[in-house]
Amino acid sequence: AEYDLMLATTTPSTSHWAKTLETFQQLAAQYSDGHVNINASFGGALGNDTQLLQKTQLGSSVQGAYSSGANLGSVVNVMRTFDIPYIVSDAQKSLDLFYPNGQLGGPVVDELQKHMAKKNLHLLYVVPFEFRGILTTEKAVHSPADMQGLKIRVTPSAVERDMITQLGAGATTLGISEVYTALQTGTVDGLAIPPITSVAFALGEVGKQFNMLNFQPHGSFMTINRKIWEKMPADLQAKVQQAADEAVMTTRPLYDEALEKSVAKLQEQNVTVYVPTAEEQQQFAELITDSATAIATQDFSSEEMEFVNVLKRELSNQL
Amino acid sequence: MLKILRVIEDRFEEFLCSCMLGYIAITLNAEVFFRYILNSPSAYTDEVSRTLMIFIVFIGVPWAVKSDRHVIIDILPTTASWAKKRLVIEILSKILFIGFCVAFIMASYRASLFHRMLGSTTEGLGIPYWILFGMMPLIFSLTIVRLVQSIARSIRKNRKNTSTYTENNTAIEKEAHRG
Amino acid sequence: MEVGLSILAFFVLIFLQVPVAVTLGIILVACFSMLGLDNIELAIDSYQSLDSFPMLAIPMFILAGTLMATGGVAQRILDLADEFVGHLPGGLAIVTIFASVLFGGLSGSAPATVAAIGSITIPEMIRQGYSRGFAAGLTACSGVIAIIIPPSNPMIIYALTQPGTSVSTMFLSGLIPGLLVAVSMAIPAYYISKKNNWGGDRQAGTATTRLKALAHAKWAILTPVIILGGIYSGVFTPTESAAVASLYAFIVGVFIHRELKLKDTYQVLSTSAIITVVAMFLIPFAVALGKLLSSQQVPELLTAMMASHMSGYISTVVLIVILLLLVGCIMDTLASIIILTPLLYPLLTPYGVSPYHFGMILIVGLGLGFVTPPLGGNLFIANQISQTAVHKVFTGALPMLLGMLAALLAIAFFPMISDIFI
Ligand code: NA
Ligand code: NA
């Protein structure tokens, strides 16, 4: 094909995330009459999230990476906005934000592409957000007071560390590959994680309490190398984008299914899945939101603050 | 003054690597203490120790050249008649090593520029990647210096030894007899 | 064509005594330029491949080993072992294998196990007259047990790659195969030691001498207790345990045995650092090569080539084992698991092979790759600790490798071995 693109992800080839990518592969070949060929590499065979993103920026052997918002946030600052607790709290609304008319676009996307372009990236598609709850080994966490004194695993994100310490817990940085054993032996008592991911990493075998707090959004974004994207003629770009949009829309139901299945799986593994009341969620929000917002946006330039404003405006329009 | 310079010349990489290794051991233990006893672990231990480990390995490269420790697979005969050939091969191998250093210097220099242009930083501490990658050309230039010194040493030694060449030339075997 | 050329270049450079890591580096540079890839990626891959927290266990266990050797901890443990098995031929070799089983119960990393056990037993085996190659080769093989006995980093990766498998069941599946692999190495180790008269040149210890050795070693034998206890009570992670072991060996060596002088600390650090450097310098290029091979879909091509010759259960299993050995020679274990699981498991499902059984074949098969050149992580650590040429470590390891291969075939053809607890 004229345009051969390698899109890489750390997600496994059997997941619903992979289904979206595979659907995109087929549609892209079909709509472009074979001018665009999408290759996919799953399971992190070409590198971890950081490496894949750097390789995408370079665009040599990898032209696209599927990354979490948290991971993108260390490259594209404005993405850190999505780390703010409860800023988005519904999967459908997260999708509406990026696909106002069923197509990738609208004020948030336009603003975001500007910031992505500075890092040689281009946003190709977004899937429905997931939301993190709190998985703990023994102690059920229903209110912030229950977090007091727990040892909680965090990623290197400053926002996440701050949220956990604001709640009175100790924050320990661990790689995801160490979490299983750490929960099993009690090195840590829990972590903030979406239900689907906790099932994917078999953490329901070792953590026994899950609070579906849905407090922090966890988005996944397919980005591609901007230079390579811009080299493509506009009509081809439109066809590829159409393929990406349709791939997200047609696989949309898989995301709700995956969430339902993961909750069922957790229960099957004897995990007590707790759905908090609005009041309880409010207690968490009050403690963490302001401080997390301050940290997420602390070194934002005026242009980056503009993104935050656009995002907030669009979110309030949704209501 | 000259003596200090000589010690630095002799021990520079060794000193850096040893200190970094000791530092990692101390901070990891401190981390266990802070987490288990005080439940307030540091945000940076993980990233600092990973980064130091990376630099121990790379700064160790010129050190290992200097102390003849790089892993080679030596299947050449060690008889007296091979002494000259072994020297030629040794020099050739070091020239190839220098060639690799040059390639790696260019690659990491370009990687440094690339990261500088994009302003990438590490996740936790926010260290600019261009600085981290920018260390590589320095380290591999030092490696070239060490390789040149080592070639000169081998030639000198060979001149001295040509008449009575019996010594086993493999660095690893030499070490083995010593230890 | 390019592959053939690269393999030829590899052997020429190795013959010319270019260091192994640099040989890989040169081949990578050449491949990047032939394939028109940007060499910035080579720099990124080499740097990032070392950026891993669990990998810190390697330098920390090397340091712990050196501290134990200098501070008299290792000597006391070995004297104690000597009292019990020193009168048997190959006693220390067997101790090395079963120490790795025990250590494998807390570490999930093969190279870290070689660093931890080997720093103590290799020098002692050499002192007792075992050949250097055998001592190092045996220990390099023993390290593989750590990824078969739970916990195991590769098994976690496998369970995450293979849908419907749980980490804890996968761990359980590893118990019997781990012991089987240990026994399969102990048998050749025993016969070789017996033939060469290694070990067994002393009287069996009496109850009195044994108790005395036990008392003498009381602080030393607390080391495994502290490491095991600390990990299983969750005080520290397996990776951190390596650093804790260093601190403990330091305290015992300086303040209790008083054999380690404070001024020797620098020397200990420097010795450990150079071993770390040389053993780990291979990792950046080995990983970068693995990434390059997977981006060029080499594992997929190899599998497709072999799949066309597969007919029936036995030939399929044998070809898969051969493929695993080949891939284990050239690629990093974790990356191989991710790539090969979805490719190979479907070939075995028609024969009713359970995902756990397949997982064991995969883990043990790729585990052998830790000891096969050119990219054998264990080989290089053993080579550094023993100060023996890599090819001698490998020839020393061969009999135990064959033992492991026999165990692998047994695991492959008898599902019971892996599936007994499911
Ligand atoms: Na293990
Ligand atoms: Na290998």
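The values are calculated or read from the model by the stated rules, or taken from the named source; none is laboratory data. All values derive from a computational prediction rather than experimental measurement. All Cβ positions, glycine included, derive from the backbone under ideal geometry; neighbour counts span all protein chains shown. Calculation scope for accessible area: heavy atoms of the full protein, side chains included, ligands and nucleic acids excluded. Shrake-Rupley method; radii C 1.70, N 1.55, O 1.52, S 1.80 Å.
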Worksheet, complete the sentence: With criteria (1) over 17 Å from the mean Cα position of the chain (by Cα); (2) assigned to a loop (DSSP other than H, G, I, E, B); (3) away from chain C (no Cβ under 13 Å); (4) in contact (Cβ under 8 Å) with a residue 24 or more places away in the chain, A:Asn101 comes up short on (4)
Discussion item. Just checking, does the range A:226-235 include any residue being open to solvent by less than 60 Å² (accessible area, probe 1.4 Å), part of a loop (DSSP other than H, G, I, E, B), out of contact with any helix residue (DSSP H, G or I) (no Cβ under 7 Å at 6 or more places or on another chain) and within 18 Å of A:Met212 (Cβ to Cβ)?
Written reply: no
Practice prompt. Output the number of the condition that C:Met360 fails; it satisfies all remaining conditions of (1) assigned to a helix (DSSP H, G or I); (2) within 16 Å of ligand 2 (Cβ to nearest atom).
Written response: (2)
Discussion item. Looking for something under 24 Å from the mean Cα position of the chain (by Cα), surrounded by 14 or more Cβ atoms within 10 Å (Cβ to Cβ), assigned to a strand (DSSP E or B) and not aliphatic (A, V, I, L, M) - is there at least one such residue anywhere in the range A:269-280?
Written reply: yes
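Among A:Ala296, A:Ala200, A:Ala244, which is the only one that is farther than 20 Å from A:Leu135 by Cα, modelled with pLDDT under 95 and crowded, with 17+ Cβ neighbours inside 10 Å?
The conditions single out A:Ala296.
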Fill in: Residues of the range C:119-165 that turn out to be open to solvent by less than 20 Å² (accessible area, probe 1.4 Å), more than 16 Å from ligand 1 (Cβ to nearest atom) and over 17 Å from the mean Cα position of the chain (by Cα), as a count
5
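Name the residue, out of C:Leu260, C:Leu292, that is touching a residue at least 12 places away in the same chain (Cβ under 8 Å) and not in a helix (DSSP H, G or I).
Numbers: C:Leu292 fails: not in a helix (DSSP H, G or I).
Step by step, each of C:Leu260, C:Leu292 is checked, and only C:Leu260 is touching a residue at least 12 places away in the same chain (Cβ under 8 Å) and not in a helix (DSSP H, G or I).
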Worksheet item: What do you reckon, is B:Ala111 assigned to a helix (DSSP H, G or I) and open to solvent by less than 10 Å² (accessible area, probe 1.4 Å)?
Response: yes
Worksheet item: Out of all the residues in the range C:377-388, which are more than 16 Å from ligand 1 (Cβ to nearest atom) and open to solvent by 10 Å² or more (accessible area, probe 1.4 Å)?
Response: C:Ile385, C:Gln387
Response to the item:
Within the range A:92-121, the count of residues that are closer than 21 Å to A:Thr9 by Cα and in contact with an Asp or Glu (Cβ under 8 Å, 6 or more places away or on another chain) comes to 1
Discussion item. Looking at the range C:55-82 only, could you name the residues that are crowded, with 24+ Cβ neighbours inside 10 Å and outside any helix (DSSP H, G or I)?
Written reply: C:Gly71
Discussion item. Quick check on the range C:119-132. Is at least one of its residues touching a residue at least 60 places away in the same chain (Cβ under 8 Å), within 14 Å of another protein chain (Cβ to nearest Cβ), part of a loop (DSSP other than H, G, I, E, B) and farther than 26 Å from A:Ile176 by Cα?
Written reply: yes
Worksheet item: Within the range A:203-212, how many residues turn out to be open to solvent by less than 10 Å² (accessible area, probe 1.4 Å) and touching a helix residue (DSSP H, G or I) at 6+ places or on another chain (Cβ under 6 Å)?
Response: 3
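Taking the condition of being part of a helix (DSSP H, G or I), open to solvent by less than 10 Å² (accessible area, probe 1.4 Å) and modelled with pLDDT under 95, how many residues in the range A:56-77 meet it?
Kept after step one, since they are part of a helix (DSSP H, G or I), are these residues of the range A:56-77: A:56-58, A:69-73, A:77.
Then drop every residue that is not open to solvent by less than 10 Å² (accessible area, probe 1.4 Å), which leaves A:56-57, A:69, A:72-73.
Of the ones still in play, those that are also modelled with pLDDT under 95 are A:69, A:72-73.
Final tally of qualifying residues: 3.
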Practice prompt. Scan the range C:184-202 residue by residue and report those that are of a type in the set (Val, Ile, Thr) and open to solvent by 70 Å² or more (accessible area, probe 1.4 Å).
Written response: C:Ile187
Practice prompt. Determine whether C:Thr316 is open to solvent by less than 10 Å² (accessible area, probe 1.4 Å), more than 16 Å from ligand 1 (Cβ to nearest atom), modelled with pLDDT of 85 or more and in a helix (DSSP H, G or I).
Written response: yes
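Residues are listed down the side, and each one gets a yes or a no for (1) in contact (Cβ under 8 Å) with a residue 60 or more places away in the chain; (2) within 14 Å of chain A (Cβ to nearest Cβ); (3) within 16 Å of ligand 1 (Cβ to nearest atom); (4) more than 25 Å from C:Pro19 (Cα to Cα):
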residue	(1), (2), (3), (4)
C:Leu323	no, no, no, yes
C:Gly328	no, no, no, no
C:Thr333	yes, yes, yes, no
C:Thr341	yes, yes, no, yes
C:Gly367	yes, no, yes, no
C:Val371	yes, no, no, no
C:Leu375	yes, no, no, no
C:Phe394	yes, no, no, no
C:Pro399	yes, no, no, yes
Worksheet item: Which of (1) of a type outside the set (Ser, Thr, Tyr); (2) in contact with a Gly (Cβ under 9 Å, 6 or more places away or on another chain); (3) more than 16 Å from ligand 1 (Cβ to nearest atom) is the odd one out, the single condition C:His357 does not satisfy?
Response: (2)
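Restricting attention to the range C:245-263, which residues are within 12 Å of chain B (Cβ to nearest Cβ), in contact with a helix residue (DSSP H, G or I) (Cβ under 8 Å, 6 or more places away or on another chain) and open to solvent by 20 Å² or more (accessible area, probe 1.4 Å)?
Selection gives C:Leu247, C:Tyr248, C:Phe250.
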Worksheet item: List the pairs whose first member sits in the range A:188-215 and is within 12 Å of another protein chain (Cβ to nearest Cβ) and in contact (Cβ under 8 Å) with a residue 40 or more places away in the chain, whose second member is in a strand (DSSP E or B) and open to solvent by 40 Å² or more (accessible area, probe 1.4 Å), and whose Cβ atoms are under 8 Å apart, counting only residues at least 6 apart or on separate chains?
Response: A:Thr197/A:His218
Worksheet item: C:Gly234 passes all but one of (1) within 14 Å of another protein chain (Cβ to nearest Cβ); (2) crowded, with 19+ Cβ neighbours inside 10 Å; (3) in a helix (DSSP H, G or I); which number fails?
Response: (3)
